[in-house]
């Protein structure tokens, strides 16, 4: 079984090592994970991969090797669960919106979103 070397993003595979450049830093607690997969229509393998990466902190590369999947397939599995979490996890008083706007108005809305993100991260 591949093992991660500390918090480096490097996975030890016997005598060889592979570097996983895009080391996943997104994490969820067990309770957050269980809440976001409730009702989510994904397969068991997707749940196991996402749990390993998001809850247990395993590198995605370990699933690429152990399951023989492509990096894209593993990344997509994690992304599907993370997207479900992100869609429901908004700060109190915030709302996610989608709109088609003229270019100038879209620019203004994007600036508002950046400002809101900065204010929220300072809390």
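The values are calculated or read from the model by the stated rules, or taken from the named source; none is laboratory data. Everything numeric in this text was worked out from a predicted model, so none of it was measured. When we count neighbours, we look across all protein chains shown, and the Cβ atoms used for this are built from the backbone with ideal geometry, even at glycine.
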Filtering region 97-123 down to residues that are outside any helix (DSSP H, G or I) and either touching a helix residue (DSSP H, G or I) at 6+ places or on another chain (Cβ under 7 Å) or surrounded by 10 or more Cβ atoms within 10 Å (Cβ to Cβ) (or both) yields 101
Qualifying residues in region 40-56 (those that are surrounded by 14 or more Cβ atoms within 10 Å (Cβ to Cβ) and not in a helix (DSSP H, G or I)) - the one modelled with the highest pLDDT: 42
Has region 66-73 got any residue that is closer than 30 Å to residue 120 by Cα and surrounded by 12 or more Cβ atoms within 10 Å (Cβ to Cβ)? no
